[in-house]
Amino acid sequence: MNSATKRRRKRSLFSGLKVTADGAAYDAACKRLLAQRDILARLLKSCVNEFRNYDIKTIAEKCIEGSPIISEVPVNPDEAGAFIRGRGQERASPAEGSVFFDICFDAVVPDTHKTVQLIVNVEAQADYHPGYPLLKRSIYYCARLLSAQKETVFRKSHYEKLRKVYSIWVCTRVPKNRQNTITSYQISERNRVGKVCEKTANYDLISVVMICLGDEGGDNYQGILKLLGTLLTSKADIDEKKRILRDEFGIESDRNIDGEVMNMCNLSRGIEVRGIKKGRREGRSEGRREGRREGRSEGVLHSLRNLMANMHLNVDEAMNALGIPAEEQQQYIDALARA
């Protein structure tokens, strides 16, 4: 391998590492942004039935317990780390692992006959089709949040203490037919024989909410969809984003939010620029390869025509004389027929 090739490979390696690092930093900034109380309060009001009648200020100040935990809560039972901290309780898992919920926190619904406690998980998801149904993964996350309450929220057989869990997914790259939509999934009661009515709280324990962002100005691009779109997918500059947050959503400039928005703008721009450069390099390389292939094909066709005209060979004899592989022969037969 010559030194020029080594240099190109080294540049390619470090470029790939840089894109990966920027992508991880972008994801981290996205999670920190979604975990801001002003943002979480609006998510809860828009997506959680229990909070729809409360104002944003009340939700932000009285309903979100403690500080949301970011990328520290393990998904699977054999993965370590503190579980959700709420009302003085800490849940733990015995072994080590690396798959974590993006954001987890406890929430309370005040002013009810008995204070309702919820466990809320918020996930930032770029790819809606990661190779499996995303909805199934979200239901699994809910199941894990339920099962993890044993010996933490309740002990022995006191299942009456189970808290309802929400898993809210904010998806940024989605199919066209799902853009600017919010869809929820939960357990419901259906009478098959006879008619009974179970207390809702005894089965309404899981709720998944899929928030699919879309193009600016598209159908339904308003409310929480526009807020999240402005924060996560809009190509507007930082000043325009701050104006929208202030004028349309009443979110004043805040050092934390402004800093994360700026981080995401800069990282997104860097990833985009590197992606364009990589595409150009790959395009030039592919163009050269395609040119060589086309040049070789033209040369073979010219030789075939000469053999058939001057040596009076048929097409099969000419191709055999040139040693053209059997798997390539049909393309030359077709090319000769088109000439």
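Are any of the pairs Lys31/Lys150; Lys62/Lys199; Lys136/Lys161; Lys161/Lys199; Lys62/Lys164 more than 20 Å apart by Cα-Cα distance, and if so, which? Pairs exceeding 20 Å: Lys31/Lys150; Lys62/Lys199; Lys136/Lys161. Net charge in the neighbourhood of Asn53 (other residues with Cβ under 10 Å of its Cβ; Lys, Arg +1, Asp, Glu -1) is -1. Other residues whose C-beta falls under 11 angstrom from the C-beta of Met308 contribute a net charge of -1, scoring Lys and Arg +1 and Asp and Glu -1. Close amide-amide hydrogen proximity is noted between Thr181 and Cys212, each under 5 Å apart and 5 or more residues distant or on a separate chain (H modeled in the peptide plane; Pro and chain starts excluded).
By the Stokes-Einstein formula, at 1.306 mPa s and 10 °C, the range 100-258 with its Kirkwood radius over alpha-carbon pairs has D equal to 88 µm²/s.
The packing ranking of peptides 187-199, 224-236, highest mean first, is 224-236, 187-199, where packing means the average number of other beta carbon atoms within 10 angstrom of each residue. In sequence order, the range 220-229 has phi-based couplings of 6, 6, 7, x, 5, 5, 6, 4, 5, x Hz under the Karplus curve 6.51 cos²θ - 1.76 cosθ + 1.60, θ = phi - 60°, and Gly or Pro positions carry x. Annotation: amide H of Ile168 within the under-5 Å range of Asn121, Val122, Glu123, Val209, sequence separation 5 or more or interchain, hydrogens built in the peptide plane. The candidates Arg163, Arg246, arranged from most to least accessible area with a 1.4 Å probe in the full protein assembly, appear as Arg246, Arg163. The local environment of Cys212, defined by Cβ-Cβ distances under 11 Å, has a net charge of +3 under the rule Lys, Arg +1 and Asp, Glu -1. Met262 exposes around 90 Å² of accessible area when a 1.4 Å probe is run over every protein chain in place.
The values are calculated or read from the model by the stated rules, or taken from the named source; none is laboratory data. Since the structure is predicted, the reported quantities are computational estimates derived from the model, not experimental observations. FYI the Cβ positions are ideal-geometry reconstructions off the backbone, even for glycines, and counts take in every protein chain you see. Accessible surface is based on the protein model in full, side chains and every heavy atom, while ligands, DNA and RNA are left aside. Shrake-Rupley method; radii C 1.70, N 1.55, O 1.52, S 1.80 Å.
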